[in-house]
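Written below as structure tokens is the structure these notes are about.
Values quoted throughout were computed directly from the atomic coordinates according to the rules given, and no laboratory measurement underlies them. Computed from a predicted model, the values in this text were never measured in an experiment. We place every Cβ from the backbone using ideal geometry, glycine too, and count neighbours over all the protein chains shown.
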Amino acid sequence: MKLYLLAFLLLVSISLKAQDTNKNLTITGKVLTADGLPASGLLIVIKDSKNVAFTQNDGTFRISSSAGSKQIIIKSGLSTLEQNIEVGQNQLSIPTITLKEKSYELKEVVVTAQYGPQSMKNSVYNVRTISAEKIRLRGATNVQQVLNTELGFRFNNDLTLGTTDVELMGMSGRNIKILLDGVPVVDRSDSRESLNQIDINTVERIEIVEGPVSVVYGTDALAGVINIITKNAGKSLLNISARVQEETAGDEYAALSGAGVHNQNISASWQNKGWNALVGFSHNEFGGWNLASKTATIDEVNSATNRWKPKEQFLGNTKIGYRNDRFNIWYRLDGLKEDIDSRFGINPNNYRGKLQTYTTNRYTQQIQSEYRFSKKLEVTGVAGYTDLQRATKTVIHDYTNNTEQLTADAGEQDVAKFNATIVRITAQYFASKMVTIQPGFEYNRDAASGQRIKGTPVINDYAFFASSEIRPTDRINIRPGVRFIKNSVYDAPAIIPSLNTKFGLSKNFDLRLSYARGFRAPALRELYYDFFDASHAIMGNENLKAEQSNSFNASLVWAGIQKDDMQFRSTATGFYNVFKDRIDYGMDPLQPTVTTLINVSRYKTVGGTIDNTFILKNLQVNVGFSYIGRYNRLIEEPTLDVPEFMWAPELNGNATYNIPKINGSISFFYKYTGNRPGYQVTTTGGVQTANLVKIGAFSWADLMLNKNIYKHFTINAGVKNLFDVTQLTNTSTASGGAHSTGGASVPYSYGRSYVLGLIFNWNKN
């Protein structure tokens, strides 16, 4: 049973009449979806009692209750259904309950890498989901905060640029595909800063697929896919919601603006007779941390270290669509304006300091449609266009008279433009109950221009892919796939194959085994981006090869405890990835002072996880552990005694307790990230030595309280970063990149913060 199934309430009124009201009865029933499939994993509650149960894989449930007239509550993501049923004294079963929604409308359904909406249990992929309810319980204001306590994720901060990157399965963000409703999100650099440039208030759920999904999604999907699914209009005729949340930044705070974190959102949705529309607007402001003001003294400015840059975001979105039984079409527009303020120290000789502003403007349009020609044939189309502009403005600020003047140094006034187009068409042909075939075509176009871009390069990518799902028995699901690529710039792999399988070993055991080849195309910024200033020299490499990987993944799911008031589920996974021609930064052999992009011949990651979910009445607990090894052979040199892998542990735990008496809940999120070890090769007197280096371990914890007040309001309050983590130890003495912190502590957070938020939600049915 997943936490996200507890988001909303579906009420079914059932009259249970018996002559003996003091007799305890065990009542059995069954819940089906509108398309006749079992509705598994739903919570069944006898109102005003402690009796609960869960629907099993076949939709059945057993629940204890005294005789008499009772009200049963079915908790799911569905709308309200009311039904009265007469139960006699000796009648211990009730008629089958049929929901209004179809199976693909259940909250446990996933769409990422699937033919169409499919239950998590039936998917050949091991998919994790994070629901809107879980996001709300965390009081999250961006996607990073949501993923931060998830198993396998690690974030790195770049204080120079004010951006954040993510790691998954021991691989950097450039190997992770970020999707918004299935459309790739465009980033300026090789980091995944776009994760914090998506309006969290629009998110319905986040789906995470670990392992290569290159057959379906093409480049970048070596480590996996993060697909952010946005909200639809819902069932109400009209819905209006608003959110205000205030946070401190460490011990720094100013009400509504300035120091601290300030978030505001307002949105509305409407639906009627198949038509639906949504519109929303958000404003996010971070006032900086450990940051001296523009009118500060020289000593105040120069004494501030690890300054966290002020950031302000304006986000807007609109979505309009129409659907009926056979046809669904919708259009979405997202807009972002982000300003990051960077302030340097003051020259004591002239009282002047350098100030920079990084401005990002992004507009994303997408249109998607689905048409069911018959029971056997469905066609889906996706088209998207993204325009991204990143501007750098640099001024010299004179603190004696508070005036500013533009600089003329190289690289300090710049506008870089990126745009991307995607068209994807797929067909689903249900040949029989055993075989489904999915052919598809995809076209991608990437273009860039700017002072730091060589010329105005354009990359065209054409791909044909095909896969099928074969079910020889009810317990076996086999999905082979293949992708063919033609690229206008680089030599693409001739073929990208994959094979995913699922075996139902028993009623409670599911085994998934998969092999996939992944690839990542050299990005425009890696091929044609040159950056030179007073302290950095980074040059693109037009001769880069595409990254390739061979990945093996396995998972075993056990759902062996499914009692009336208790459920336990455990998932164990393992992975092994081998990379060829991995793209990374390195020294130009002809220009030792210049950093460029190179292909590393070999790189590997290996690891495993175990994740456990336990539910007992109003309590849900999740505990997970991972152990990931990263390839550590910096050079192939037998004289160096260096282990092949360096290992890092990780432990996380989440607990949520619903408190009916106060109409609220309390949630605790915890994560321990162990030391991240590695070896640094140094040369002294012509002799190479390998020294152990590491980034230190840390623990992160959040505590949040959510309570419904009155009819339309929810208040959330709590503490984030309970252990006040700010810096991580770092024993490395070398710089690993343009903005690395070799030899110094690694900034991770601005410390413990206190949260208070208010959510308003109003519906008109």
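What's the extension gain from Asp724 to Ile495 if we count 0.36 nm per residue and subtract their Cα-Cα distance?
Stretched out fully, the Asp724 to Ile495 stretch lengthens by 77.6 nm.
Go through the range 378-438 and name the trypsin sites (Lys or Arg not before Pro) that are in a DSSP coil and have 11 or fewer other Cβ atoms within 10 Å of their Cβ.
Within the range 378-438, the qualifying trypsin sites (Lys or Arg not before Pro) (loop, at most 11 other Cβ atoms within 10 Å) are Lys433.
Are there trypsin sites (Lys or Arg not before Pro) in the range 480-513 that DSSP marks as loop and that have at most 16 other Cβ atoms within 10 Å, and which are they?
Listed in order of number, the matching sites are Lys507.
Expected output is a single nm value to one decimal: the length gained when fully extending between Gln451 and Val600, i.e. 0.36 nm times separation in residues minus the C-alpha distance. What is it?
Taking Gln451 through Val600 to full extension adds about 50.8 nm, to one decimal.
Tabulate in residue order the Karplus-calculated ³J(HN,Hα) for the range 237-242, using 6.51 cos²θ - 1.76 cosθ + 1.60 with θ = phi - 60°, rounded to whole Hz; enter x for Gly and Pro.
With coefficients 6.51, -1.76 and 1.60, one gets 4, 9, 9, 10, 9, 8 Hz.
Using the 10 angstrom Cβ neighbour count as an exposure proxy, how do Thr605, Thr593, Thr33, Thr729 rank, fewest first?
Thr593, Thr729, Thr33, Thr605
Could you check the simple spin-label distance between Ala697 and Asn612, using points 7 Å along Cα→Cβ, in nm with one decimal?
1.9
Using 25 Å as the Cα-Cα cut-off, could you pick out the over-long pairs in Lys417/Lys604; Lys433/Lys507; Lys354/Lys454?
Pairs exceeding the cut-off: Lys417/Lys604; Lys354/Lys454.
Can you list residues from other chains, or at least 5 along the same chain, whose modelled amide H is less than 5 Å from the amide H of Gly260?
Ala249, Ala254, Gly287, Gly288
Please list, ordered by chain and number, the residues whose modelled amide H lies under 5 Å from the amide H of Glu204; skip anything fewer than 5 residues away on the same chain.
Residues meeting the amide H criterion: Ile229, Thr230, Lys231.
Report the calculated FRET efficiency for Asn550 and Gln413 (r = Cβ-Cβ distance, R0 = 41 Å), to the nearest 0.05.
Computed FRET efficiency for Asn550 and Gln413 comes out at 0.35.
For a 18 Å ceiling on Cα separation, which of these pairs sit above it: Lys231/Lys319; Lys134/Lys764; Lys121/Lys502?
In this structure, Lys134/Lys764 exceed 18 Å between Cα atoms.
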